[in-house]
1. Estimate for me the total accessible surface buried between chains B and A (protein heavy atoms, probe 1.4 Å, no ligands or nucleic acids), in Å² to the nearest 100.
2. One quarter of the convex hull surface, Cα atoms only: what value does that give for segment B:207-257 in nm²?
3. Taking the solvent-accessible surface of protein heavy atoms with a 1.4 Å probe, what is the per residue accessible area of chain B in Å²?
4. For each pair in A:K19/B:K255; A:K19/B:K230; A:K110/A:K152; A:K138/B:K230; A:K21/A:K106, compute the distance between the two Cα atoms and list the pairs where it is over 22 Å.
5. Mind grabbing the base-10 log of I(q)/I(0) for segment B:16-147 at q = 0.18, 0.21 Å⁻¹? Debye formula, identical points on the C-alpha positions, no solvent, two decimal places.
6. Quick one: Kirkwood hydrodynamic radius for segment A:37-129, alpha-carbon pairs, angstrom, one decimal?
7. May I ask you to give the solvent-accessible area per residue for segment A:76-131, in square angstrom, as obtained with a 1.4 angstrom probe?
8. Against the empirical 2.2 N^0.38 Å scaling, what ratio does the C-alpha Rg of segment B:78-216 come to?
Amino acid sequence: MFCFGFTETQSSKIDTNSKIKAVFLYNFTKYIEWPTEYKNGNFVVGILGNSAALYKELSLMSKTKKVASQEFEIKIYTSADDINDKIHMLYIPDEASGSIKNASQKLKGKSTLIVTETPELSTQESGINFIIVANRQKFELNKSNVEGHNLKVSKSLEDLAVVVN
Amino acid sequence: MKAQLYILILVVFASLQGLFAQNKLTNAVNALQNSEFVKAQELIDAAIQDTIFKDDLRTWYYRGNIYKELFKQIELEDNRNEYRSIAVSSFKTSYDMDRDSEVAMSNQSNLNYLASTMFNDAVNQLDNKDYTLAIENYEGYKSIIKFIEPGRDFIKEDIQFKLALASSYTMLSEIDTLNLGIYLEKSKLLYEEVLLLDSNNISGNYNMGILYYNQGADIVNNMDYSLDLKELTMIQEDVHVLFSKSLPFMLKAYKMNPNKMETLIGLKGIYYSMNNMEKSDLFKHKIEELENKEIKN
């Protein structure tokens, strides 16, 4: 007699956290206003260090989404010293958190939203810091840090965030 | 005188009828032996209508054999199953008449043979995604074996069949995405049945865990990037429920076999998706350890 065979179902390869972060990042572009001089050209999102999964997600997003008429451009910076462009958003993964001071120095006077994912960074140079609350992805907002980069924060974003100063 | 004539006519008629019936059975057996199965079928079907032979277990035994041969002759025609079904019922009838008769053993082995063909058909039909027929044939196989061995335990076979069926439904859900929900629900029910039969079944636990995990991951994967933050919060709640449901099954599979790579990968993913990086990293290390062990071996 034959026998019944079956294949084990493989677990999904989706990096769920990166997808959720990408949705958050896209939403931040809706709730934060950049100055006029940042409203032309590409909307540049930089990633400091190695975050392949997030880069992949943001690259996928860039194929279908825009910020008003601006196309997304996703860049990877291996070091804070490489940041010389006009960038709208800089994502600093936990592994690269040691470079935040350097990155912040490079971005001084520029309208760049600094997004991090390291505890305590929101009280330092970060504008938005991803945190985990009861196993869910949330974010802290340091309004003064964001405004310090000449960016306007919508009240709606404040309502959704854990506000820190 | 007239009465005597009538009696004589009746006696002659009855004798002729008996002879004719006897011929039908003998001729049916001869036709069977000469591989004239269609002729044998006509003769034997006539014989079972006859009061002289319908209570003779040999009539049913030969009928079973004739229909078994007809079944074997045909591979794809629709009436193949009908032939097999008649063969089965005939052998059963013969066997029921006397379980110690000279043909009892042969009835049993023929029933076993026919049951095995139903089992094989079920396997093939599952491969060909004919789920309804696969279930029918598998149940048919069980029904025959139960008839021969009333106390027979089918737990192992049931588990294998249900796992195979559930796995097919899951694969189908990936192709026929419009009916994804229906197929996943069918898979889930089957895994539940497997775990009711054996709560320690590794594949049942693993697949149930993966099913919930993948459902959550698919929801996240299908989110639009422009999804509102309030909706994102709600979705995070929904997927967290699915990941939480997945976890105990996957942990059970891990407990039953700590070296199964798929389970380690699953647990790493579940904990990662639940933002429990410490535990996700723990299973990442276990995967690396296992990979290193496999390389050394």
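The values are calculated or read from the model by the stated rules, or taken from the named source; none is laboratory data. This is a predicted model, so every value here is computed, not measured. When the accessible area is computed, the model is the full protein with side chains, heavy atoms only, and any ligands, DNA or RNA have been set aside. Shrake-Rupley method; radii C 1.70, N 1.55, O 1.52, S 1.80 Å.
1. The buried area between B and A, both sides summed, comes to about 4000 Å².
2. 3.4 nm²
3. 53 Å²
4. Values: A:K19/B:K255 31 Å; A:K19/B:K230 16 Å; A:K110/A:K152 13 Å; A:K138/B:K230 11 Å; A:K21/A:K106 24 Å.
Checking Cα-Cα distances, A:K19/B:K255; A:K21/A:K106 exceed 22 Å.
5. -0.95, -1.18
6. One over the average 1/r among Cα pairs gives 13.4 Å for segment A:37-129.
7. I get 41 Å² per residue for segment A:76-131.
8. Working: Rg = 18.0 Å, N = 139, 2.2 N^0.38 = 14.3 Å.
That ratio works out to 1.26.
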